[in-house]
1. Among the helices (runs of 4 or more DSSP H) confined wholly to the range 83-201, which include 3 or more residues that are crowded, with 18+ Cβ neighbours inside 10 Å and in the same structural domain as L56 (by TED's automatic domain parsing)?
2. Answer yes or no: is there a residue in the range 6-14 that is surrounded by 15 or more Cβ atoms within 10 Å (Cβ to Cβ) and at pLDDT below 95.
3. Would you tally the residues in the range 23-58 being under 15 Å from the mean Cα position of the chain (by Cα), buried (at least 18 other Cβ atoms within 10 Å of the Cβ) and more than 16 Å from W109 (Cβ to Cβ)?
4. Does E59 qualify as being modelled with pLDDT under 95 and within 16 Å of T125 (Cβ to Cβ)?
5. Counting only residues that are modelled with pLDDT of 95 or more and among the β-branched types (V, I, T), which one in the range 155-191 is farthest from L95 (Cα to Cα)?
6. Can you find a residue in the range 133-141 that is farther than 30 Å from V181 by Cβ and of a type in the set (D, E, K, R)?
7. Does any residue in the range 3-15 that is in contact (Cβ under 8 Å) with a residue 24 or more places away in the chain and farther than 13 Å from M99 by Cα come within less than 8 Å, Cβ to Cβ, of a residue that is assigned to a loop (DSSP other than H, G, I, E, B) and of a type outside the set (G, A, S) six or more places away or on a different chain, and which pairs are these?
8. Evaluate the following for G65: is it in a helix (DSSP H, G or I) and surrounded by fewer than 15 Cβ atoms within 10 Å (Cβ to Cβ)?
Amino acid sequence: MQHPKKEQTLVIIKPDALQRSLVGEIIGRFERIGLKLVAMKMVLPDEAFVEAHYTLDSEWRRVTGEKTIRSYKEKGKTPPSEDPLEITASILERLKKYMTASPVIVMVWQGAHAVKIVRKLVGGTEPLTSDVGTIRGDFVLDSYEVSDGDTRSIRNLIHASGSVGEAEKEIEHWFKKGELVNYHLVQDHILYDVNLDGLLE
């Protein structure tokens, strides 16, 4: 069985983060908690590639549409449609425009509970309701109300895999096997060594 320290997750620094020069700040947050960067590249994806990314899970269209309809109703608002697939078609078009507006930086981070740790650091999908201290909570003032009113995708700086299974599919989509580097990081010793041997001279 693979050690939990080998868990990997995909992170995409989206066009708005790149344009606002937040790349170093975002990477620093992941480094400071102890995650290891094992792959990184700058990409200018086309719309077909972005669509393929969001639809790697065959249930994404239905689930995202249903969640969006539910969110509208919970806020006492009327959803633009009662058909989840119609809603998601619109979301996907906006996402494709957003994600191809400029280059993105795609990364694979590794470490114990990498998927959950990254999601915790990133914050909720809507920046307005993300906690202070999270990346989205600290650096974005966008909301669903504003983005829906402007008929555009919400600008929330980052994509982060939602589960280990999702991360595996997304990493395979964005990276070839040889692009992930297996290497030793000095801090791994302090994070994962059982006995902390060899710290004293």
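The values are calculated or read from the model by the stated rules, or taken from the named source; none is laboratory data. Since this is a predicted model, take the numbers as computed values, not measurements. Using ideal geometry, Cβ is built from the backbone for each residue, glycine included, and neighbour counts are taken over all protein chains shown.
1. Output list reads 84-99.
2. no
3. So the count comes out to 3.
4. Working: modelled with pLDDT under 95: yes; within 16 Å of T125 (Cβ to Cβ): no.
The answer is no for E59.
5. V181
6. no
7. P4/H113; E7/H113; Q8/L180
8. No; evaluated as a whole, the condition is false for this residue.
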